[in-house]
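The block underneath contains the structure these notes are about, expressed in structure tokens.
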Amino acid sequence: MGRSRKKLSDQPFELDIDSLDAKGLGLAAVGEKNLRVFDALPGEKVVARHLFGRKNRGRAETLEVLDPSPDRVKPLCPSFGNCGACSLQHLSMDAQLSRKQNALLKLLSESGSVAPIEVYPPLDSPHWNYRRKARLSVRDVAAKGRVLIGFRERDGRYVADMEECHILHELAAEALPKLSELLGELDCRSSIPQIEVACGDECCALIIRHLHDLSDSDIGSLQDFASETGLGIYLQAGGPDSIKLLAPVDFQLEYEFKPLGLRFQFDPLDFIQVNGALNLQMVTRALELLDPQPDDKVLDLFCGLGNFTLPLAQGAGQVTGLEGSQEMVERARANAVLNDLDNVVFQTADLYKSTDKQPWPSGHYDKVLLDPPRSGALELLPWIAASEVKRVLYISCNPETLARDAAVLVNQHKFQLLGAGVMNMFPHTHHSEAIALFERTIDEVSI
């Protein structure tokens, strides 16, 4: 027979918090194990209570803070602690940035004794109403007499009861109460599971997923709502291919890099950087570090709709953008035309296939920009090492895979890590993005 588990008490108890885990939960030693505690900070003494259920095994919640950390601040959002979108609103922004920067440097060191020559100051931006892409859950709750629209609660089971949100783009946040009221009046109120939000600089789109056909009355109500609010309303009856614009008929999402004189048009489901203000700072730093010159040929890998490619093309002689999605390549080409740039080429390429089976690596490039998904760019590093590329700029949404790839570039392929730093793309969450600059240290081609 298996050893029976010791039954946990549901009574409050005191804890001393030692540190934070990777997701921003407080860690406290209880016997030989660490207990993860929501809403607790290092150095604090708290009153906590065990949470029960399979998903909450080894976790507790803070009931009272007896000895607060000097880094503790009052959360702005009344839903903090219940809503799962934010985990660090109780931690000062200086402490959030320091934590993320230190975590990156630790990962680089632990991955292969890689230390940057220069540590870049964290890129930061306004900390509220920054999020221009989100997936919101919808639930018709009879007991509350209304339709709830919001992020999931932090245990994932229910939709957070939130009438305001301080991280969503203002256009989306302001629409939440009106949208909840509208959905409560529709015939289909019980068959809408989610709404996706996508915001440009001046307008916002809502993609309404519906499980059953909409009545003429519902369609008319949604069209009226679009007219009254200026929001773009899209309907999604099935998979992504089923998404159709309902109203207004001339709706178009767009964002600008005003200092660079560039415009980007995109569709609601296209990948864009979540934080618009931080995105401009990130692109500006990328241009400073990669320093494209008129005689440079630059390769932008995982180029998306041209977010980095087009700014690079303003300084470089020739830029090639590669992306796995043909739809995104077409969008990038359209954005190049929109901005009158003719020294940029976009191609579709599977960037996870062996590079010796594809035509693009045979070209000569002086500089490379990498902006891979969370899994990183390990498959591309041998080609980069064997090429004549002199400088590599790596943009990462996952510092763990960046650290892994940095160790390979430095220790196996003899690149030098000139600098690295974090970018606060998601304030008040544990998510961190990073930027790192590598330069070839030897003239010989590495095989």
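Numerical summary
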{"quantity": "Convex hull projection area averaged over all views, the range 44-90, Cα basis, nm²", "calculated": "3.8"}
{"quantity": "Neighbour net charge for Cys303 - beta-carbon separation under 9 angstrom, K R +1, D E -1", "calculated": "-3"}
{"quantity": "Dimensionless Rg/Rh of the chain - Kirkwood Rh, Rg from C-alpha atoms", "calculated": "1.00"}
{"quantity": "Low-density loop positions, GluC sites (Glu not before Pro), the range 34-114 - DSSP coil, at most 12 other Cβ in 10 Å", "calculated": "none"}
{"quantity": "Size-normalised alpha-carbon gyration radius of the range 278-337, reference 2.2 N^0.38 Å", "calculated": "1.07"}
{"quantity": "Across Lys353/Lys390; Lys74/Lys106; Lys7/Lys33, pairs whose alpha-carbon gap is larger than 18 Å", "calculated": "Lys353/Lys390; Lys74/Lys106"}
{"quantity": "Estimated translational D of the range 94-216 in µm²/s (Stokes, Kirkwood radius over Cα pairs; 20 °C; 1.002 mPa s)", "calculated": "125"}
{"quantity": "Cα-based shape type of the range 149-195, given that a ≥ b ≥ c are square roots of the gyration tensor eigenvalues and the cut on a/c is 1.5", "calculated": "oblate"}
{"quantity": "Excluding exposed DSSP-loop trypsin sites (Lys or Arg not before Pro) (at most 10 other C-beta within 10 Å), longest clean stretch of the chain", "calculated": "158-373"}
{"quantity": "Reduced Cα scattering model of the range 256-389, Debye log10 I(q)/I(0), q = 0.12, 0.19, 0.22 Å⁻¹", "calculated": "-0.43, -1.14, -1.55"}
{"quantity": "Average accessible area per residue (Å²) across the chain - probe 1.4 Å, nucleic acids and ligands excluded", "calculated": "48"}
{"quantity": "FRET efficiency for Glu439 and Ser215, using Cβ-Cβ distance with R0 set to 60 Å, rounded to 0.05", "calculated": "0.45"}
{"quantity": "Fraction of accessible area attributable to carbon and sulfur, the chain (%, probe 1.4 Å)", "calculated": "49"}
{"quantity": "Rg and Dmax of the range 326-422, Cα atoms only, in Å", "calculated": "14.6, 42"}
{"quantity": "Values of log10 I(q)/I(0), in the order q = 0.12, 0.16, 0.19, 0.20 Å⁻¹, for the range 1-101 under a Debye, Cα-only, solvent-free model", "calculated": "-0.40, -0.69, -0.95, -1.04"}
{"quantity": "Cα-based Rg and Dmax for the range 200-250, where Dmax is the largest Cα-Cα distance (Å)", "calculated": "10.9, 32"}
{"quantity": "Added length on full extension, which subtracts the Cα-Cα distance from 0.36 nm per residue, Asn411 to Gln293", "calculated": "39.6 nm"}
{"quantity": "Isolated Cys in the chain, by beta carbon distance under 4.7 Å", "calculated": "Cys77, Cys83, Cys86, Cys165, Cys188, Cys203, Cys303, Cys397"}
{"quantity": "Stokes-Einstein translational diffusion, the range 74-119 - Kirkwood Rh over all Cα pairs, 1.002 mPa s, 20 °C, in µm²/s", "calculated": "170"}
{"quantity": "Evaluated at q = 0.12, 0.19, 0.24 Å⁻¹: base-10 log I(q)/I(0), Debye formula over Cα of the range 225-334", "calculated": "-0.51, -1.04, -1.40"}
{"quantity": "Rg/Rg_ref, the range 85-148, where Rg_ref = 2.2 N^0.38 Å and atoms are Cα", "calculated": "1.77"}
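The values are calculated or read from the model by the stated rules, or taken from the named source; none is laboratory data. Since the model is a prediction, treat every value here as computed from it, not as a measurement. Cβ coordinates were reconstructed from backbone atoms using ideal geometry, including for glycine residues, and neighbour counts include every protein chain displayed. Ligands, DNA and RNA are excluded from the accessible area calculation, which covers all protein heavy atoms including side chains. Shrake-Rupley method; radii C 1.70, N 1.55, O 1.52, S 1.80 Å.
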